[in-house]
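The values are calculated or read from the model by the stated rules, or taken from the named source; none is laboratory data. As the structure is a computational prediction, the values presented were derived from the model and not from experiment. Every residue, glycine as well, gets a Cβ built from its backbone with ideal geometry; the counts of neighbours run over all protein chains shown. Ligands, DNA and RNA are excluded from the accessible area calculation, which covers all protein heavy atoms including side chains. Shrake-Rupley method; radii C 1.70, N 1.55, O 1.52, S 1.80 Å.
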Amino acid sequence: MAGERVLVVDDRRDNIEFVVDYVLKPNGYEALTAKDGAEGLRKALTENPDLIIMDNNMPKMTGLQVMEALKEKGLNIPVILMTFHGSESLAVQFFRLGVKDYIIKPFTVEEMLEAIDRALTEVRLRKERDKALADLVQANRQLERRVKELNILYGIGKSVASLLDLEKLLGRVVQAAVYITGAEEGFLMLVDEETGELYVRAAQGPKEKYPRSLKLRVEDSIADGVVRTGEAVMIGGSAKENDLRTVYLVKALLSAPLKTKDKVIGVLSVDNKTSSKTFTDNDLYLLSALADYAAIAIENARLFTAVKSEQSKLGTIIGSTEDAVIVTDSEMRVLLLNKAARKAFGIKSAEVTNKPIAQIVKNDSLIELFVRSIDGSQAKQGEIPLEDGRTLNANLTPIPGVGYVAVMQDITHLKELDRMKSEFVSTVSHDLRSPLTTIKGFVQLLPKAGPLTPQQQEFRTKILNSVENITELIEDLLDIGKIEAGVGLEMDVCQLDAIINKVVENLRSQAEAKGQRLHVELPPQLPPVLGNDLRLGQVVANLVSNAIKYTPDGGLINVRARNSNDQVIVSVQDTGLGIPPADQPYIFDKFYRVKSPETEGISGTGLGLAIVKSVIERHNGRVWVESEPGVGSTFTFILPKYNGRKM
Ligand code: ADP
């Protein structure tokens, strides 16, 4: 092979010249020469040639002695011996010492070339094998190192990713960066989200100049550049960077961006200030990999902190509110139960989370409210009496994806006020009724006491009208008191069509007096409802008499009833004044009357619709109005059909 170095040792110059000029040089070998055995040995030791071609009979040292010396030194260079005929006996000794070949002088160029080739083939193979082995060992070492680094990185990544305390996490990342790159010190800077400026948030070094957790603003053009470009930077090694290194007072520096999905949130750097050890591409790769882990972990920790702080704020608000709050999942297992709720329902057990609400709260009304909410998307409302005599008003709202939230306010004092008010009204009404009856009786008797003048007659009529109005008001007040108290509300199976017919017939004369047409549309068979005959009659009467009252002369009034699924629907439609949208939400409130030029002359107590609403709700029904001013109104109520069970 071209370039191999061959040492020719011979005391005869012409021999050396022949081998060098005719065999070695023309065939691309590099030739070394020695004129005797001693020089040959020296050159073999110092030059370490690939092959030695040697004569045996030489002054100072024979070829045999050179071989022995080489063997003694442990040198294993192949040797071709040049001998004359008759010295074959020596060949045995030479072969014992490891000679590869021998060639008899005189020889041709071809003979010598063949001998060289034979001797070197083995050497070449051995060299190739040694090289392959060395390469393998090298590759193995690199692989081992890479596995070790990846293991370290994995371990760091895992410990970093599980940290949710931001300050601790930042410290750990810098520590890891210094460790895996073998640097002297390291820094972690984060970008302030508001100002965009960089702040050192963690540092590690021999002196740890920057205290941890201190927010220190830095003017750092390299770090700024890393943030701007999102590219890692390595400094140290080439002359061009000397300026930078002097400015930074470091000998080598690595900076990697902390990148999240869409932005750079900071920079992770390591450097060497005193040692002249520079960083490698592998260090940069490791630091970048760590920075990638760290960026995700930092975002996680930030999110966790934000969520935790929101959660604790919410927890404090809910915990300290006076209202009792219970949150359950969709299976009605408790998720949250605040202090007020614990107190209200006397809950002692510390661990309530994930337990069924019925197991934790022993209150039939509340449990019934929860049960009523199953499958409903509407908020439900109910009064919850407590064991200590207090009453809560509960609003239970279904929350998609969460479950249910019950918010309960103490309405004990309101209930008490309401009770006192009702008591007062009912006492006063009772006490007023007797003198009114007396007044009415005597006024009615007046004509019997003697003939009345037309003026006296007119005054008598006015007094009677007023007494009528007050009596109506008192009756309404007493009624509403009774209905709200549930007094005289015995329920039985009722036929609404019969009730409607009876009421309409009673009121027909009033409608006729105003030239109004009063229609009734009933299906051949209306299913019965469970209710109080008298009160349901009162509901229909109030609605029809309102329709007559608030519809001008000649108008049309339609009373309809129909059967729908498991409900009975009744509506009273008129072509009257209508009700302005702004008033519609309030007309069922007690004493609410629409104030307008059209209603000015129409007398009333403002209690008729309040009675309607109370009665219908007592019957588990609903009532509402649809109305357009100048066109007319339709009042509709729905009652559940009688299902064969009495309440
Ligand atoms: P009132 O004794 O005043 O009739 P209600 O409670 O029966 O009291 O009705 C409340 C108010 O609703 C009435 O004052 C009136 O303004 C309005 N209203 C009730 N029914 C009708 C109707 N059919 N058409 C127009 N307005 C009505």
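Before anything else, pin down the relative contact order of the stretch 5-129: Cα pairs under 8 Å, at least 6 apart, normalised by residue count, whole percent.
RCO, the stretch 5-129: 23 percent.
Before I look further, what does the chain give for accessible area per residue, probe 1.4 Å, in whole square angstrom?
Details: 36440 Å² over 647 residues.
With all protein chains present, the chain gives 56 Å² per residue.
Would you compute the Debye intensity of the stretch 445-599 from its alpha-carbon atoms alone, equal scatterers and no solvent, and pass along log10 I(q)/I(0) at q = 0.09, 0.11, 0.14 Å⁻¹ to two decimals?
With one equal scatterer per Cα and no solvent, log10 I(q)/I(0) is -0.41, -0.60, -0.91.
Show that you can apply the helix-only estimate: for the chain, add -39,500 (n - 2.57) for every DSSP H stretch of four or more residues, divide by all residues, and state [θ] at 222 nm to the nearest 500.
-15500 deg cm²/dmol
How big is the Rg/Rh ratio for the stretch 321-410, C-alpha atoms only, Rh by Kirkwood, two decimals?
Here Rg/Rh amounts to 0.92.
Could you give the radius of gyration (one decimal) and Dmax (whole number) of the Cα atoms in the stretch 414-484, in Å?
16.3, 55
Defining a contact as two alpha carbons under 8 Å apart and six or more residues distant in sequence, what relative contact order in percent does the stretch 414-484 show? Mind dumping the intermediate values first?
Numbers: 23 pairs, mean separation 39.6, N = 71.
In percent, rounded to a whole number, it is 56.
Need one value: the accessible area of residue 162 in square angstrom, 1.4 angstrom probe, rounded to the nearest 10.
Approximately 80 Å² for this residue.
For the stretch 576-647, take the alpha-carbon Rg, divide it by the Kirkwood Rh, and send me Rg/Rh.
The Rg/Rh ratio comes out at 1.06.
To the nearest 0.05, how large is the calculated FRET efficiency for residue 414 and residue 167 if R₀ is 51 Å and r is the Cβ-Cβ distance?
Numbers: r = 51 Å, r/R0 = 1.00.
Calculated value: 0.50.
Hey, can you grab everything whose amide H is under 5 Å from the amide H of residue 53? Only 5+ residues off in sequence or another chain; H modelled, so Pro and N-termini drop out.
7, 8, 9, 80
Any idea of residue 413's accessible area? Nearest 10 Å², probe 1.4 Å.
110
Measure of size requested: the Rg and Dmax of the stretch 5-129, with Cα atoms as the atom set and Å as the unit; please supply both.
Using the Cα atoms of the stretch 5-129, the pair Rg, Dmax is 13.1, 38 Å.
Reachable aspartates and glutamates from residue 308, Cα under 20 Å, same-chain residues fewer than 8 places away excluded?
Filter leaves 165, 167, 193, 299.
At a threshold of 8 angstrom on Cα-Cα distance, excluding pairs fewer than six apart, so keeping six or more, what relative contact order does the stretch 321-410 reach in percent?
Taking the mean separation of contacting Cα pairs over the length of the stretch 321-410, I get 31 percent.
In this model, which of 549/595; 502/641; 502/595; 73/100; 380/613; 158/277 are farther than 23 Å apart at the alpha-carbon?
Details: 549/595 15 Å; 502/641 20 Å; 502/595 32 Å; 73/100 18 Å; 380/613 18 Å; 158/277 29 Å.
Over 23 Å Cα-Cα: 502/595; 158/277.
Compute the distance in nm between two label points, each set 7 Å from the Cα along the Cα-to-Cβ direction, one at residue 275 and one at residue 122.
For residue 275 paired with residue 122, the spin-label model returns 4.8 nm.
How big is the accessible area of residue 372 in square angstrom, nearest 10, if you roll a 1.4 angstrom probe over the protein chains?
About 110 Å², rounded to the nearest 10.
Tell me, what is the FRET efficiency for residue 368 and residue 618 to the nearest 0.05, using R0 = 30 angstrom and their Cβ-Cβ distance as r?
After rounding to 0.05, the efficiency reads 0.95.
So for 551, 321, 280, what's the accessible-area order with a 1.4 Å probe, most first?
So, going from the largest accessible area down, we get 280, 321, 551.
Limiting things to C-alpha atoms, what are the Rg and the maximum Cα-Cα separation (Dmax) for the chain, in angstroms?
55.2, 189
If I model a spin label at residue 129 and residue 354 as a point 7 Å from the Cα along the Cα→Cβ vector, what separation in nanometres do I get?
My value for the distance between the label points is 6.7 nm.
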